[in-house]
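Report on the following structure.
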Amino acid sequence: MAIGAIDALGAAGKAKKRIPSSLRLLRRHPKIAVGAAILVMMTMLAIFAPLLGTIDPREIALGKRLRPPSAEFWFGTDALGRDLYSRVLYGGRISVLVGVACALLSSVGGVVIGMVAASGKWLDALMMRITDGLMSIPSMLLAIALMAVTRGSLGTVIVAITIVEVPRVARMIRGVVLSLREQPFVEAAVAAGSTMPMIIWRHLLPAVVSPLTVQATFVGSAAIVIEAGLSFIGAGTPPTIPSWGNIMSDGKTLWQIKPYLVFIPAVFLTATVLGVNLLGDGLRDALDPRLSERA
């Protein structure tokens, strides 16, 4: 009983130490706090959109078309009488889903390709030339080409953006792994008889978590922008699904007389991308030991 009490007190003491440590981290890197706060707010608005006074974002009411922002329609209505407030909040779901899905899929694919490329010279030469070819093509053009030969859907958008972003993650992982292979702790593991899978699992993978986390945030930001761009030109999310790119595309012909049709979704898109970039910058500063030493 006494030992259990001592263990409980020790765990409580560690928890108390972690809380001030987290607060110090946020004070030293306020970008993390600001970026995370923006992302949490945008995510909550998207998830709880049905509970925030919204209506069906696809409901057409021609008698209420192009109403300005008012107490009845907080963000006004579009050319088909659809409630812009509802469409913007529901459209956030698409951006959040695309950003998270592309970041996760690109991270997994990039880690696998980067690790495999760094394991042998001929594999490295082959796979890096392929990634160089993909990276030489502008992201938007490659995504448009992939969308042109497939059926337009949200899943197709995610796959197209993931293919665009994987080479960047793979090249970053390859560079980190190649530098780690020359470190003494890896050479010691090899000398001790550790197998390559064990070295990757116990030594290399934990070392790439920090740079991978930072890279994933920037991939998510790029995915949100690419999805909005594809939807804006009609090559992304189907028009029946409200997204910020589709909303801006629908209002682009009337933006001079009804600027809120484009301005409001653009503000939400900008705020979300800004939050992701701030979070990525803050994590980079916090996780980079050289920057931490300077601070």
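The values are calculated or read from the model by the stated rules, or taken from the named source; none is laboratory data. Since the structure is predicted, the reported quantities are computational estimates derived from the model, not experimental observations. Every residue, glycine among them, receives a Cβ derived from its backbone with ideal geometry; neighbour counts consider all protein chains shown. With ligands, DNA and RNA removed, areas are computed over all heavy atoms of the protein, side chains included. Shrake-Rupley method; radii C 1.70, N 1.55, O 1.52, S 1.80 Å.
Packing-based ranking of 62-71, 175-184 yields 175-184, 62-71, ordered from highest to lowest mean Cβ neighbour count within 10 Å. Distance between Cα centroids, the range 25-79 to the range 199-244: provide it in whole Å. Spelled out, the Cα-based centre of one part sits 22 Å from the other.
Using a 1.4 Å probe, what is the accessible area per residue for the range 62-130, in Å²? Intermediate results must be reported in sequence, preceding the final value.
On the way: 3240 Å² over 69 residues.
Heavy-atom accessible area per residue stands at 47 Å².
Give the accessible surface of the range 132-175 per residue, rounded to a whole number of Å², with probe radius 1.4 Å and ligands, DNA and RNA excluded. Intermediate values should be presented prior to the final figure.
Details: 1950 Å² over 44 residues.
Heavy-atom accessible area per residue stands at 44 Å².
Ignoring ligands, DNA and RNA, what percent of the 1.4 Å accessible area of the range 119-163 is carbon and sulfur? Can you show the working numbers first?
Values: 1940 of 2600 Å².
Its accessible area is 75 percent carbon and sulfur atoms.
Give me the log10 of I(q) over I(0) for the range 222-261 at q = 0.21, 0.26, 0.33 Å⁻¹, as the Debye formula computes it from C-alpha points; what are the numbers? These q points yield log10 I(q)/I(0) values of -0.58, -0.79, -1.02.
Computed with a 1.4 Å probe over protein heavy atoms only, the accessible surface of the range 242-285 comes to 43 Å² per residue. Remark on THR77: its backbone amide H falls under 5 Å from those of LEU66, ARG67, LEU84, a criterion applied only to residues 5 or more positions apart or on other chains, H modelled at 1.01 Å from N.
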